[in-house]
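These notes are about the structure you will find just below.
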């Protein structure tokens, strides 16, 4: 793993880790937090949350070619950990193939410390692009799980 192409993010979310884990593993929740604006559309096309199961999601601004993300779950440990591959195809060709996303959820007195590691990105530029996207996804996860 090259640290130059690996992204690490941490965030404390004021919700139990079971709720945060559910946001990562249910289609309805994912369709909320993938939506990056009122004019965006999201469709979870496949979601099989088990080791060896896959996911496939398309999203983006309405009326434009969607981004397509897919991968395979390598580790599923509710409510503590998910590890999945990620391939991202974008209309502008700025995606990546066979990266790995690890989500660790640690209980902190009823709150959740979310640790996200996105590794095997093809370049520092891709890492920086992911660093610009992941915080918005995490913001929307936090809004979703704290609104309940």
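For Cα pairs less than 8 Å apart in space and 6+ apart in sequence, what is the mean separation divided by the residue count of region 56-130, i.e. the relative contact order in percent?
Once divided by the residue count of region 56-130, the mean separation gives 20 percent.
So, in nm, how far is label residue 62 from label residue 87 when the simple model puts each one 7 Å beyond its Cα toward the Cβ?
3.1 nm
Per residue of the chain, what 222 nm ellipticity follows from adding -39500 (n - 2.57) for every DSSP H run with n ≥ 4, rounded to the nearest 500?
-8500 deg cm²/dmol
Let me have the relative contact order for region 3-146, percent, based on Cα pairs under 8 Å that are six or more residues apart. Mind dumping the intermediate values first?
Details: 314 pairs, mean separation 43.1, N = 144.
This gives 30 percent for region 3-146.
What distance in nm separates the two pseudo spin-label positions at residue 113 and residue 97, each 7 Å out from Cα along the beta-carbon direction?
Those two pseudo-labels are separated by 3.7 nm.
Could you state, as a whole-number percent, how many of the C-alpha pairs of the chain are farther apart than 18 Å?
The answer is 57 percent, as a whole percent.
Neighbour counts of other C-beta atoms within 10 Å: give me 107, 4 arranged from fewest to most. Could the numbers behind the result be given before it?
Numbers: 107 13, 4 9.
With the sparsest Cβ surroundings first, the list reads 4, 107.
Which distance in Å, rounded to a whole number, links the C-alpha centroids of region 6-22 and region 68-119?
With region 6-22 and region 68-119 each reduced to a Cα centre, they are spaced 11 Å.
Read-outs throughout are calculated quantities, based only on the coordinates presented, and are distinct from any laboratory measurement. In this text the structure is predicted, and so the values were computed from the model without any measurement. Cβ coordinates were reconstructed from backbone atoms using ideal geometry, including for glycine residues, and neighbour counts include every protein chain displayed.
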